[in-house]
Every structure is written in C-alpha cells, then in structure tokens.
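Undergrad: This is the structure, below, for whatever I ask next.
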Amino acid sequence: DTTVCTNDSLSITAQSNGITGYEWSNSPLFTNIFATTQTVQVLPTGTYYVRTTAECSDIDSIKITLSTPEIQALPTDLDICLGEETALMVTNLTPGQNLTYVWTPTLPNVPNPIVSPVVTTTYTVVATNQFGCTTSLSFTVNVTTMSVLAEADPDTVSIANPTTTLNAITSGTGIITSYAWTPSGTLTTPGAAQTQAQPTATTTYTI
C-alpha cells in the first residue's frame, strides 16, 4: 500500500515468478477486468487487485491513498494602518492530518502568527502533513500610511482682525475620507481640509 501527494495517474506493476498473464480489477471478485497487462496506469485512489491467469493463480492488491493537505485562509488579504498588527489565520480542513507550517518571510511555525509589517508584505505558508505532502497559501497585508501637517496662514493675528486660514497637508498611501479640526467653535468649516479661523485668544488647533 502507498500514499501519494498528487492526483496524477501513476504506474503500478505486478511481479511474479515467470508468469506472464495478468488481470487487473477494482473488485476483489474480479467482476470488472480493466487491464490485462503487467503494468497499468491508475488514479491515486482506491484499491486495485491483480491476479495471474496461469493454471496456478495468485492474487494481490495495492491500496493507494491520496493525502494532499487542504488549508484555508480567512481572510486572504488584510488591510492595516501603519503601527497596527493582525493575525494570519490558517485552518486545517483535514483534521486527521498533522500539519507543520513554514512561513516566508520567517515567522513562528504556527497556523496563526501575529504580524505588524511596516510596508505592504506578502506572506507565504507551506503546510506539510505527516506523509510529506505539501500545499501553500499566500497572504497580502496592505499597510496604509498617513501623516498630516497643520499650517496657519498667518499664524499671528490681531484682536482687530483675528482671521487666519488653517490648512491640513496630508501625505501617505491612504485615501482621506474625513477631516476634523478642534476646537471647532471659532472655525467656519471644521470638517474641511482648509478652514477659516477667528480665535478670540491664543489657540492651538489640532487636525
């Protein structure tokens, strides 16, 4: 009997002491003969039976088991902000198999390592079962960066004319979805990248 790792067809050969006639079947009763050659090509699943066709007959069989590991990634792609961390989750879909895990780039050999990349990174895991069969999956962790600079033009005003313009200058890989200036009481549009301010006292505005 043998265990294989792929569902490709494979060759099996009957050996005997000088006999040249053979019959192959999927049934131990040989109710269906599918080949009469010494060597046959078969799929890697199930039990195959062979018998000699000489006056003195003998029967043998071979059980072929397909044992490719199956794993699942949930989710397959992840999005985090710079400085955050996330778990790469691998599920073993064949509980009867004992899997070991090897990650690239190098991570602990566990199915759910915690990562905190500083740039967008693709992680690949190779899972190997007790029969030496392997499968692999890849995870892409997208890292979004974001920075903002607040400017006031001018940054010094008089009580007689306290109007100034605040600007939020952003950079990074993210798409800006909202702005929020505080304190907002002396601002015309505190939810915009640019707003007019009329402070009544020296004020620090935060975006």
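Undergrad: Could you please find all residues in segment 81-137 being open to solvent by less than 40 Å² (accessible area, probe 1.4 Å), farther than 11 Å from Glu70 by Cα and among the β-branched types (Val, Ile, Thr)?
TA: Listed by number, the residues that qualify are Thr86, Val115, Thr121, Val125.
Undergrad: Where in segment 105-207 are there strands (runs of 3 or more DSSP E), lying wholly inside it, with at least 3 residues that are at negative phi, touching a strand residue (DSSP E or B) at 6+ places or on another chain (Cβ under 8 Å) and aliphatic (A, V, I, L, M)?
TA: 121-128, 134-144, 146-153, 164-172
Undergrad: Moving on to the next point. Evaluate the following for Thr173: is it exposed (fewer than 12 other Cβ atoms within 10 Å of the Cβ), closer than 30 Å to Ile80 by Cβ and not small (Gly, Ala, Ser)?
TA: Considered against the rule, which asks whether it is exposed (fewer than 12 other Cβ atoms within 10 Å of the Cβ), closer than 30 Å to Ile80 by Cβ and not small (Gly, Ala, Ser), Thr173 comes out as no.
Undergrad: While we're looking at this one, here's another question. Within segment 22-54, take every residue that is open to solvent by 60 Å² or more (accessible area, probe 1.4 Å) and outside any loop (DSSP other than H, G, I, E, B) and give me the one that is farthest from Ile12 (Cα to Cα).
TA: Here the answer is Ile33.
Undergrad: Okay, next question. Would you mind stating whether Ser57 is among the small types (Gly, Ala, Ser), in contact with a strand residue (DSSP E or B) (Cβ under 7 Å, 6 or more places away or on another chain), within 30 Å of Thr20 (Cβ to Cβ) and part of a loop (DSSP other than H, G, I, E, B)?
TA: In short, yes.
The values are calculated or read from the model by the stated rules, or taken from the named source; none is laboratory data. Quantities reported herein were computed from a predicted structural model and do not represent experimental measurements. Neighbour counts are summed over all protein chains in view; Cβ atoms, including those assigned to glycine, are modelled from backbone coordinates with ideal geometry. In case anyone asks, the SASA skips ligands and DNA or RNA and just uses the protein heavy atoms, side chains included. Shrake-Rupley method; radii C 1.70, N 1.55, O 1.52, S 1.80 Å.
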